[in-house]
Structure formats: structure tokens, C-alpha cells
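**Student:** Before anything else, here's the structure in question.
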Amino acid sequence: GAHTDWGSFTILATDQTPGLQIYLADQEKWLPVPPKPDCLIINAGDQIACLTNGVYKSALHRVVTTSTKPRFSTAVFTYFNMDATFAPLDQFSGAREDDDYVEHRTTKEYFHFKLHQSLGKGKGKDKE
């Protein structure tokens, strides 16, 4: 289903079969991402959204089957060190009216939080 990537960046190589879509929240619609030959797709993940206090968004995306052909893709997920603490960088503090990412947590703590949240056990932005 639709999701954001938990880490910092996702590098995606795809075949020429369409299906990837990103959500445009301001327009409340899904936008197809057309595959391009010899190109990679780079998604900023939740950790980048946190570092920039939401200035750079973690792309909500999904894959929708739009072809009768199989769709193949290979992803490389990048993350900060599991024990690294992350929070908004100083230059992004106060960059938005609502500082969404004010708490400091490690990658491991964040992944536990997201896992619990995905299982319906998470509570907002609180640490687990």
C-alpha cells in the first residue's frame, strides 16, 4: 500500500513498466511517475524530512498495476547508522510554523516506532 520510506534515501532502478505513483497532497491526487530508460529514481525518506524539518518531504508513494506485463524494480535503501541520533538541522529549525520533527531519536528508535505504527500500535509522533 501507500507509504513513505523510513530511511534517508531510496535509489530505485525500474524496467519500462509503469506503476509507480506519488501523492500530491496539495492537489489531493496521485501522479504517475513514468519510467525513463537508463534513469534512477531517488526518493527522499523520513530521515531527510526530519533533518529539514519537513522542508523536503518524504514522498508518499505506491505502486499500482497498470499493465498486464510483470513489473520489475530493484531498490537500495539508505539509512543513518542505527545508533545515530537525528533531529532537524539548525538551519531548518523554525523553518515552518509547525515544527513536526522536534524530538531527537536514533534510527533504531525511529524504526521501532514506525514498525509499531504500521502494526496499529503507534501513537502519533511519540517515542515508543
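**Student:** Residue by residue through segment 54-62, what is 3J(HN,Hα) from phi via Karplus (6.51 cos²θ - 1.76 cosθ + 1.60, θ = phi - 60°)? Round to whole Hz and write x for glycine and proline.
**Tutor:** x, 5, 9, 8, 8, 5, 6, 9, 8
**Student:** Also: Which ³J(HN,Hα) values, rounded to whole Hz and listed in residue order, are derived for segment 14-21 from phi using the Karplus coefficients 6.51, -1.76 and 1.60 in 6.51 cos²θ - 1.76 cosθ + 1.60 with θ = phi - 60°, glycine and proline given as x?
**Tutor:** Going residue by residue, I get 10, 7, 8, 8, x, x, 6, 9 Hz, with x marking Gly and Pro.
**Student:** Also, I was wondering about something else. Report the full-extension gain for the segment residue 68 to residue 30: residue separation times 0.36 nm, less the Cα-Cα distance, to one decimal in nm.
**Tutor:** Extra length available between residue 68 and residue 30 comes to 11.6 nm.
**Student:** Using a Gaussian network model of the chain whose springs link C-alpha atoms within less than 10 Å, name the residue from 35, 70, 18 with the highest mean-square fluctuation.
**Tutor:** Residue with maximal mean-square fluctuation among 35, 70, 18: 70.
**Student:** Which angle between 0 and 90 degrees, to the nearest 10, do you get for helix 107-118 versus the longest principal axis of the chain when only C-alpha atoms count?
**Tutor:** In the chain, helix 107-118 runs at an angle near 60 degrees to the longest axis.
**Student:** Give me the number: length gained by fully extending residue 112 to residue 11, i.e. 0.36 nm times residue separation minus the C-alpha to C-alpha distance, one decimal in nm.
**Tutor:** Between residue 112 and residue 11, full extension yields an extra 34.1 nm.
**Student:** Additional query: As a test of the formula, what do you get for the chain when each DSSP H run with n ≥ 4 contributes -39,500 (n - 2.57) and the sum is divided by the residue count, at 222 nm and rounded to the nearest 500 deg cm²/dmol?
**Tutor:** Values: 2 runs with 18 residues, N = 128.
After summing the helix terms and dividing by residue count, I get -4000 deg cm²/dmol.
**Student:** Given the peptides 51-61, 19-29, arrange them by the average over their residues of other C-beta atoms within 10 Å, most packed first.
**Tutor:** 51-61, 19-29
**Student:** In a GNM of the chain with a 10 Å cut-off on Cα contacts, which of 72, 92, 113 has the highest mean-square fluctuation?
**Tutor:** 72
Bear in mind these aren't lab numbers, they're just calculated from the coordinates by the rules spelled out. The structure presented is a predicted model; accordingly, all values stated were derived computationally and were not measured. Quick reminder, even Gly has a Cβ in these numbers, built from the backbone with ideal geometry, and neighbours come from all protein chains shown.
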